[in-house]
1. Within segment B:1-29, can you find the residues that are open to solvent by less than 90 Å² (accessible area, probe 1.4 Å) and under 30 Å from B:Arg58 (Cα atoms)?
2. Go through (1) more than 24 Å from A:Phe135 (Cα to Cα); (2) touching a residue at least 24 places away in the same chain (Cβ under 8 Å); (3) open to solvent by 50 Å² or more (accessible area, probe 1.4 Å) one by one and return the number of the condition A:Gly36 breaks.
3. Please go through segment B:84-129 and give me each residue that is among the β-branched types (Val, Ile, Thr) and more than 14 Å from chain A (Cβ to nearest Cβ), ordered by number.
4. Restricting the search to segment B:131-148, which residues are modelled with pLDDT under 95 and over 15 Å from B:Met44 (Cβ atoms)?
5. Condition first: touching a residue at least 60 places away in the same chain (Cβ under 8 Å) and either more than 19 Å from the chain's Cα centre (by Cα) or farther than 27 Å from B:Phe63 by Cβ (or both). Now tell me which residues in segment B:117-139 satisfy that.
6. Restricting to segment A:29-53, count the residues that are at pLDDT below 85 and of a type in the set (Asp, Glu).
7. Which of the residues that make up segment B:43-62 are part of a strand (DSSP E or B), touching a Leu at 6+ places or on another chain (Cβ under 9 Å) and open to solvent by 30 Å² or more (accessible area, probe 1.4 Å)?
8. Quick check, is B:Gly106 under 24 Å from A:Pro152 (Cα atoms), free of Cβ contacts under 8 Å to residues at least 60 places away in the same chain and of a type outside the set (Val, Ile, Thr)?
Amino acid sequence: MAALAGAAVYGWRVWFPNDEAQIHAVLERIADGISGDGEGDARRLARAASLLEEFDPDVTVDAGPPFDTLRGRDVILGAAAKMNGSVRNLDLSFDDVVIQVDAVRSQATANLTAEARFDDGGGAAVDARELDVSFTRIDGAWVVSAVTLVRPLRRLDQP
Amino acid sequence: MVLPRWVAGANPKRTAMRAAVMIGLAFVVFGYLLLPVRGIGISMEPTITQGDLVFISRLSYRFRDPKRGEVVAVRIAGNSVVLVKRIVALPGELVGFRAGILHINGAPLDEPYVKNQSDWDLVDGPLGDGEYFVVGDNRTMPMRLHEMGAASRQRLIGPTLF
């Protein structure tokens, strides 16, 4: 009986995932889509195109000064594809994900650690950054609407 | 399966118990008391050099406030990615550089740990409540390339122990 109940709960979660699970799935698809092993241009662009539906058309990426804010998913996915081509064996993962969904379940934010492992030509390298990722629900699906780099140190010489 | 004597000891049950205690102890010490950090980069030289292993006390700041001059771990992302820097200014103070000399509230600060003086200039800026200014000991690089700034109290994990 307990096994049956457990299976029912598991099935319910698989077929009707809650908002947090859906957002986790979006993040996993993005990480898988951006990760790669330095493949050719055509393959890279195809992978980038497969991520289009995970982003709001007007998505922004704000890395703070001195970088300009990137706007639009085509620009952002192009930049991601370019980054993938410039390093080898890129493995991107999102860890320590904390998700908050608003009361009407139309907006959500996730605070997370983006960790990239790659070969920069001089050997294995790791970079990790804290990000605030905003999500909006469009036609029932959660998509990324904004990504902001969290700066752990406030520079006094920058706005 | 019978383990060789050099693995299991004279009393395998006691050896297993000791191993379990050691594993438990390591879990508690490195999970809750100390954070081991391997130095990467040159920003804290000569105090901490590339490859040095330092231990951060996770408990200290639960019982007291951070102090000026302490080398601390600043949480950058998640729970394990940290910057190791030195606290040079405390909440509410004005901090700036004039020709490489650090000034706190308009007065120069003696920094015997800095071996390579910089030529940095930074207009005095105020720290907010709960903000600590952290900077590396090695100031030979251009200021814009040096990770420094005001860190909130919540991001300070603790001071280095040794």
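The values are calculated or read from the model by the stated rules, or taken from the named source; none is laboratory data. Bear in mind that the values here come from a model prediction, so they are computed numbers and not experimental data. As a convention, Cβ positions derive from the backbone with ideal geometry for all residues, glycine included, and neighbour counts pool all protein chains shown. Accessible surface is based on the protein model in full, side chains and every heavy atom, while ligands, DNA and RNA are left aside. Shrake-Rupley method; radii C 1.70, N 1.55, O 1.52, S 1.80 Å.
1. The answer is B:Ala16, B:Ala19, B:Ala20, B:Val21, B:Gly24, B:Ala26, B:Val28, B:Val29.
2. Single failed check for A:Gly36: (3).
3. Within segment B:84-129, B:Ile101, B:Val114 meet the criteria.
4. Result: B:Pro142, B:Met143, B:Arg144.
5. Taking segment B:117-139 first, the residues touching a residue at least 60 places away in the same chain (Cβ under 8 Å) are B:132, B:134, B:136-138.
Within segment B:117-139, just B:Asn138 meets the criteria.
6. 3
7. First, the residues of segment B:43-62 that are part of a strand (DSSP E or B): B:53-57.
Next, only the ones that are touching a Leu at 6+ places or on another chain (Cβ under 9 Å) stay: B:54-57.
Result: B:Phe55, single match.
8. Values: under 24 Å from A:Pro152 (Cα atoms): no; free of Cβ contacts under 8 Å to residues at least 60 places away in the same chain: yes; of a type outside the set (Val, Ile, Thr): yes.
So B:Gly106 does not fit the description; no.
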